[in-house]
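To start, the structure under review is shown below, and the notes come after it.
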Amino acid sequence: MPHRILKENEVSLLRAEIEMLMRERQSLLNTVGAAARFVASLDSNVLPKEACGTAQLLTKSLNQLNDETLRDALEKVKG
């Protein structure tokens with residue numbers, strides 16, 4: 001019987017951890033989607049030189065995401 005209780009506690013903890021990770025994923029998708037929309041709206045011809053390096057770094061990071069994740073992120077901020 002104590003073994004079963006331990007398993008139920010482990011399942012409960014695992015469930016809570018998964019739910020926390022899913023909330024975190026949703027938050028990250030919102031952030032990534034907003035960043036992608038922001039980068040897409042930039043005009044590099046009028047962007048201050050100091051900001052170009054940061055914009056390139058952000059673009060590189062976004063381009064390293066897999067297509068499904070980027071699509072999910074853009075869907076979150078669609079509107």
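The values are calculated or read from the model by the stated rules, or taken from the named source; none is laboratory data. These numbers were taken from a predicted model, which means no experiment stands behind them. Note: ideal-geometry Cβ built from the backbone for every residue, glycine included; neighbour counts use all protein chains shown.
Looking at region 8-51, which of its residues are at pLDDT below 90 and assigned to a helix (DSSP H, G or I)?
Within region 8-51, GLU8, ASN9, LYS49, GLU50 meet the criteria.
May I ask you to list the residues in region 70-79 that are outside any loop (DSSP other than H, G, I, E, B) and buried (at least 16 other Cβ atoms within 10 Å of the Cβ)?
Selection gives LEU70, ASP72, ALA73, LEU74, LYS76.
Determine whether ASP43 is of a type in the set (Asp, Glu) and touching a residue at least 12 places away in the same chain (Cβ under 8 Å).
The answer is no for ASP43.
Scanning region 27-50 for residues that are of a type outside the set (Ser, Thr, Tyr) and surrounded by fewer than 12 Cβ atoms within 10 Å (Cβ to Cβ), which turns out nearest to the chain's Cα centre (by Cα)?
Here is the first cut: in region 27-50, the ones of a type outside the set (Ser, Thr, Tyr) are 28-30, 32-40, 42-43, 45-50.
Filter again for surrounded by fewer than 12 Cβ atoms within 10 Å (Cβ to Cβ), leaving 40, 43, 45-46, 48-50.
Details: ALA40: 17, ASP43: 24, ASN45: 28, VAL46: 28, PRO48: 27, LYS49: 27, GLU50: 26 Å.
If we take residues in region 27-50 being of a type outside the set (Ser, Thr, Tyr) and surrounded by fewer than 12 Cβ atoms within 10 Å (Cβ to Cβ), then ALA40 is nearest to the chain's Cα centre (by Cα).
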